[in-house]
Structure formats: structure tokens, C-alpha cells
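Have a look at the structure below, then the notes.
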Amino acid sequence: MTDWLKAAQSQEKDYLNDLTALMKIPSVRDDSAATDKYPLGPRPAQALAAFLEMAEQDGFRTKNIDNVVGYAEWGEGDETLAILAHLDVMPAGKGWDTDPFDPVIKDGNLYGRGASDDKGPGMAAYYALKYLKDQGVAFNKRVRFIVGTDEESNWTGMHRYFEVEPAPTMGFSPDAEFPVINGEKGQVSLKIGAPATNGDQYVLKSFHSGLRFNMVPREAVAVVTVPDRQAVTTAFAQFVDDNPISGTAEETEDGLKLTVIGKAAHGMEPEQGINAGTYLAKFLDQYEFAAGAKSFIHFLGKYLHLDTRMDGFDGAFTDPVMGELTMNAGILNFDQENGADIDMNFRFPKGITPDELEANVKQVTDQLGMTVAQGASQKPHYVDPEDPIVKTLMQAYIDQTGDTEAKPEVVGGGTYGRLMERGVAFGALMPQTPNTMHQANEYQPVADLIKSMAIYMEAINNLVTD
């Protein structure tokens, strides 16, 4: 019987070298730099080119599709096993103790943007596939390692792949956690607007919080005009002391600038973060702002603050298999030209629809003179635990960890696995390792990454030699 962990450990040096080279590329989607050649901006395309060059040198057949998605391929057969990873990363944001794009290993942990989501796990799965190829394993299936470049936004790359390439028979995405994610909640975004209007004495000149709809905002900054700056400054200092945030008040030429620092978290688990935007709105909601500015502040401070389950909208919902509905207030902006721009992200189980969620929110926005529009959505996805791919992956995890109590899980995150009828998410976050995806100081223990490589080695081997 092959010692898969020993095999994975033999790859550690080369794996870390290739991984850190990819992590140094700040592959954040940048629409402002998009061109016909680089539809998602140059950096994601740079990461894709670097990976495909690496794979070609390693002996794989490769293809770049429109600089938005690509694959490395090995094996032959009527069936195709797909491994779907992504090379794009979230914006770094603030609060890092190290350079997010200069990865370092400290105390056995690899720090840097992409260490956990998804370059670290993706490369662990790639190295598992490469090892099997190099060992001469006879594949009875075609295996495609497919890499997208905008998983953190709207999946342009992977959708393009499925438009022009044949659908895989089955597959997994190393972009979540172990043991196996056989169910993913649906997702939908609701965009809330309010007019760019204010009162006279209290004026909201600007309010900005959040980087992406699927991140809990770490920072919020507002500039306001108020009758008594000193009184507001004093009250703000007390508010900061009384809550799990930090903050500053600064007098500027434009007005009183208030800054709140909370804690970022992944939008699928918003309760793990501290939403700086809703805290700042909660503070401002005690003052006599008016018109569109008041609606914006009140909506955030009363209906979104400390609510991740839609309790304030009478919309809480739980499915016995797929779990709870969650709500994240990810982008919270207001300015005197464009008014309010709020982007809310919902992860919902089967049994409820985006239209129902919109109707719940609309009951509140109508009262406040605000608008609501439904964005793109994805349906809930579920693969039977008895499906052979689930059982094979589960067994590989159990064999390599000894965790015989593990069961397939349903999560709020969305991975490429849902693009395949028989697709699941598989690792690489271990059950006891903190989830730092989308956060400052993102990291992954090196030992976990090597262990995950061993799991992927056994899993892929069993899937392509059955």
C-alpha cells in the first residue's frame, strides 16, 4: 500500500517554490484595467500564464482560453474527471502584519493572500496529480485540472470554459474544507439604493465601507457635517469604547471624518466578522440626518446591524439538511452625487427563493423610500452522499486522517464544484484549522497543505484507476 503522506512530503520543497511564485502575483480581478486581450485585467491573466507554463514544463497538455480560464490535462478515456481551482484572489485590504503578496512561513504557517483561498489548496491538488503522472499511474479517465481567474467575482472564466468545452463526468474543487462538501447553498445579491439627498444641519457627505459583496467590511469611513463637532467626537469616543471596534474622529476641511475598524470575514460566515459599516451607521443613526442620507443610515444601523439571519426582515429560514439562510452586508456606500449603493449577499438553502428574499427586504425599503434590485443568483446544489465520487473522496480523507466520525457537509460558500451535476468541494481547510479566507493575515499551516496533498493523491488515484 502506497504511503501517500511520505509521497507528499517528498514534494514539499518544489511545491512551496511553485506556490510562493504564484502567490507573489497580485491576481485580483481589476475591471478598470480590462482590455480586449485581458478581459479581467492583466494580473489574473499573468497568474494563468504562469501556471500554464509551469504545467507545460511538467509535461501536461495545456490550453489557455481567452486569458480567462485554462487547463492542464493528462490521461485518456471516455470519462473526464475535473479538478477545478482558481488563481484569482480577494483584494488584500488592510490590517496585515506581513506583505500579503510576499508570502512568508512563520511558526509553520504560510502567510499571504491565496495561502488558503485558493492557491495553496489548488497547488496541493495539482502536485498530487503531477506526482501520479510522474509515477506512471495508468489513468482510465481523462483528467483536466481547470483553473479560473475570477472565482471571487462572477465566474466569467469558468462559465466560458463550460461554454466551449465538454462537460466533465464528475469532479471536485479544492476550494473549501474537509471532509467533503456535497451541498452548497444558493446565492443571490440584492442591491439597495437611496436618493442623494440630505437635510440642512446634519449632512452625510460620504460613507464608504466594504471591498467585495462576499466579505464582511473591516473598515468604514464617513465624512459628516454636524452642528457641534466636539459633542459628536466625544460621543463617538464613548461608542468606540463600548463596542468591539476601534475608531478615530478627525476634523478636516470637508467635515468631521469618522473611521471605524472592525474585522473582515468570509461572506458565507458573516457572524465571524465585525461589520465596521453597520457599526458606524448605528452610531450615526442617533442624529437627525434627513432624506436619502437618513434612509441609508437607518437601514444599515437598524436592519443590518448585528443581523446575519434576516431576523429584522422577518425572513429567517432554516432547512433541516442544508441549514440556515445567511445575510452579509458587503458594500455600503453613500455620496452626494450618486446616493446609496448597498450590496447585500445572501446564501440560502433549498426551500426558499431569491424572489421571497427580495420581497422580505422590499417591505422595509419601501417604507424608507429606497429601491431594491435583484442581482445574479445561483441555485442550491446537492450531490447524494451515496454517489461514488462522494464516497471515494470521503474514504481518502478518512484513510489519511483517521477521522472516522467525519460526514459530508453542506456549506454557505460557493465553489466551482456546483457547476457539475456530480461536482463537490473537497478541502483543503482541515476541521480544526481557523478559517482565514478573505481576511487579513490569511494563512494555512504547511503541514495541513502537505497532508491535503496526500489526501488528493489517494483520492485522484482511486478515481482514475477504479
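Observations, loosely collected:
- Across the range 289-297, rounded Karplus estimates of 3J(HN,Hα) from the backbone phi angles (6.51 cos²θ - 1.76 cosθ + 1.60, θ = phi - 60°) give 6, 9, 6, x, 4, 5, 4, 4, 4 Hz, Gly and Pro being marked x.
- Under Karplus coefficients 6.51, -1.76 and 1.60, residue-wise ³J(HN,Hα) of the range 338-346 in Hz, glycine/proline x: 9, x, 8, 9, 10, 10, 9, 10, 10
- Shape class of the chain from the Cα gyration tensor (axes a ≥ b ≥ c, square roots of the eigenvalues): prolate, since a/c reaches 1.5 or more and a/b is larger than b/c.
- A prolate overall shape is assigned to the range 308-463, the ratio a/c of its alpha-carbon gyration tensor axes (a ≥ b ≥ c) being 1.5 or greater and a/b exceeding b/c.
- For the chain, calculated [θ]222 nm from helices alone, where every DSSP H run of n ≥ 4 adds -39500 (n - 2.57): -9500 deg cm²/dmol
- Residues of the range 101-117 with amide N under 17 Å of the 7 Å Cα→Cβ point at Gln9: 108
- Contact order normalised by residue count of the range 34-176, Cα under 8 Å, 6+ apart, percent: 34 percent
- DSSP-defined beta bridges in the chain - what % are antiparallel, rounded to 5: 80 percent
- Built amide H within the under 5 Å cut-off of Val104, gap 5+: Tyr111
- Loop-located GluC sites (Glu not before Pro) in the range 284-339, at most 10 other Cβ atoms within 10 Å (DSSP): Glu337
- Candidates Ser295, Thr259, Gly273 compared by Cα position along the dipole of the range 187-378: farthest toward the positive end lies Gly273, with charges placed on Cβ.
- Karplus (6.51, -1.76, 1.60) ³J(HN,Hα), θ = phi - 60°, over the range 257-272, in Hz, Gly and Pro reported as x: 9, 10, 10, 10, 10, x, 9, 6, 7, 5, x, 7, 10, x, 5, 7
- In the range 49-133, GluC sites (Glu not before Pro) in a DSSP loop with at most 12 other beta-carbon atoms within 10 Å: Glu76
- All lysines inside 21 Å of Lys451 as judged from Cα atoms, apart from same-chain residues fewer than 8 positions distant: Lys6, Lys13, Lys106, Lys119, Lys130, Lys133, Lys391, Lys407
- Restricting attention to the range 248-305, lysine pairs at least eight places apart or on different chains and with alpha-carbon atoms under 17 angstrom apart total 5.
- Amide N proximity, the range 304-348 versus Ala359 label position 7 Å along Cα-to-Cβ, cut-off under 19 Å: 310-319, 325-326, 346-348
- Spin-label zone in the range 232-272 - amide nitrogen under 15 Å from a point set 7 Å from the Cα of Ser206 along the C-beta vector: 250-260
- Inter-part distance where the range 247-265 and the range 63-100 are each reduced to a Cα centre, Å: 37 Å
- Ascending count of other beta-carbon atoms within 10 Å, so fewest first, for Arg160, Arg113, Arg218: Arg160, Arg218, Arg113
- About its Cα centre, the chain has a charge dipole of approximately 280 debye under the convention of +1 per Lys or Arg Cβ and -1 per Asp or Glu Cβ, with nothing else charged.
- Rounded if a/c under 1.5, otherwise prolate or oblate - the range 122-170, Cα gyration tensor axes: oblate
- Placed amide H near Glu442: partners under 5 Å, 5+ positions off or other chain: Gly112
- Near the amide H of Arg309, within less than 5 Å, lie the amide hydrogens of Met327, all on another chain or at least 5 residues away, with H placed in the peptide plane.
Taken together, the values in this text are just the output of simple stated rules run on the coordinates, not laboratory data. Being a predicted model, the structure only gives us computed values, none of them experimental. Quick reminder, even Gly has a Cβ in these numbers, built from the backbone with ideal geometry, and neighbours come from all protein chains shown.
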